[in-house]
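All remarks here apply to the structure that follows.
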Amino acid sequence: MNWNRPAVCFSVDDVHPAPSAGEALAHVQWLQQRHPQLRVTLFTTPDWRTLDPYPTGRFLGRLPFVRDHIFTVAIHPSGTYRLDRHEQFCSLLRSWKGAEVGLHGLHHVRRGMKPVLEFAERTRGKCRNILSESMGIFDDAHLPFVPGMSPPGWDAPRPLLEAMVDAGLTFVASARDLETPITRDAVSNGTGLRGLSLVRPQRIEPGLWHFPTNYQATSSIERAVAILDSGGLLSIKAHLLVQSGSYRALDGLSQEYRDSLHRLFSTIEERFGEDVWWTSMGEMAS
């Protein structure tokens with residue numbers, strides 16, 4: 001990938017047919033109406049089950065050995081938010097100009113004390129099976145998707161990366177770093193994969209590109225400008241819901257975050273004009 005110009009991409013994690021999803025996604029549509037060049041990658045979970053991303057105080061969850069074999073968080077019954085059972089939601093995503101759909105795990109939950117890290121400690125074969133089941137649900141829902149994934153919790157162990165290549169996927173979004181100072185050579189040192197470029201795409205496996213996350217609601221406009229001034233990729237992250245169980249997402253798609261992004265995009269348009277490439281992860285990977 002010949003990277004020679006500043007670029008902007010925007011992605012949303014945890015997309016699923018929750019009752020409150022419409023209001024959150026309407027914030028993205030509001031932004032695109034005012035910034036028509038804005039693209040969005042909607043990382044979507046095909047059978048969302050989690051009700052809380054962190055272990056609750058359930059008694060069995062405190063017992064060694066037992067806790068590794070049970071769900072330590074409350075979960076929806078399997079199929080509650082399975083995409084092929086929510087045609088109206090899928091129709092919205094299919095018809096959305098300026099949006100693409102990517103993978104975001106299968107259930108966004110697993111047994112044990114790290115319920116969000118769906119691919120942690122999995123073998124290559126198990127990861128491949130999860131990916132196959134996920135893509136099968138997208139097919140059943142007749143919902144096209146780009147060949148990439150943002151893994152739950154940004155956790156991308158090597159068996160998963162190898163399984164992604166096996167499955168024909170071409171990009172992964174793992175490393176999130178909102179603190180490291182911006183330079184052309186800055187590398188990720190936060191959540192997910194470390195030691196990768198913080199401001200540019202990078203090939204990490206044959207046929208597999210990595211895209212970092214370097215901006216969210218808590219970041220300053222100055223950080224965004226520094227990334228673009230360096231000729232880098234400003235990769236902005238949001239999460240669908242502000243509240244999930246006991247957890248409150250700092251980058252949830254609230255009206256406050258929407259208005260903050262509106263100010264950011266207006267600043268970029270005024271300062272950089274047509275020098276910026278407004279793109280998406282799927283477009284870059286292709």
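The values are calculated or read from the model by the stated rules, or taken from the named source; none is laboratory data. Remember, predicted model here, so these are calculated numbers, not experimental data. Note that we place each Cβ from the backbone using ideal geometry, even for glycine, and neighbour counts take in every protein chain shown.
A few points about this structure:
- Residues within segment 96-115 that are modelled with pLDDT under 95, surrounded by fewer than 22 Cβ atoms within 10 Å (Cβ to Cβ) and either in contact with a Lys or Arg (Cβ under 9 Å, 6 or more places away or on another chain) or over 24 Å from V172 (Cα atoms) (or both), tallied: 3
- Taking residues in segment 82-95 that are crowded, with 17+ Cβ neighbours inside 10 Å, and partners anywhere that are in a strand (DSSP E or B) and hydroxyl-bearing (S, T, Y), the pairs with Cβ atoms closer than 8 Å and at least 6 places apart or on different chains are L83/T44; L93/T44.
- For segment 163-174, the set of residues classified as over 13 Å from H210 (Cα atoms), surrounded by fewer than 21 Cβ atoms within 10 Å (Cβ to Cβ) and either in contact (Cβ under 8 Å) with a residue 24 or more places away in the chain or of a type in the set (A, V, I, L, M) (or both) consists of D166, A167, listed by residue number.
- In segment 177-203, residue nearest to R5 (Cα to Cα) [restricted to those that are assigned to a loop (DSSP other than H, G, I, E, B), under 16 Å from the mean Cα position of the chain (by Cα) and not hydrophobic (A, V, I, L, M, F, W, C)]: P201
- Residue within segment 217-232 that is in contact with a Gly (Cβ under 9 Å, 6 or more places away or on another chain), more than 21 Å from F138 (Cβ to Cβ) and in a loop (DSSP other than H, G, I, E, B) present: yes
- Answer from Q29, Q37, Q33 - the residue that is surrounded by fewer than 21 Cβ atoms within 10 Å (Cβ to Cβ) and under 21 Å from I227 (Cα atoms): Q37
- Single condition D259 does not satisfy, out of (1) over 20 Å from E100 (Cα atoms); (2) part of a helix (DSSP H, G or I); (3) touching a residue at least 24 places away in the same chain (Cβ under 8 Å); (4) over 17 Å from the mean Cα position of the chain (by Cα): (3)
- Lone unmet requirement of (1) out of contact with any helix residue (DSSP H, G or I) (no Cβ under 7 Å at 6 or more places or on another chain); (2) farther than 26 Å from P151 by Cβ; (3) surrounded by fewer than 18 Cβ atoms within 10 Å (Cβ to Cβ) for A226: (3)
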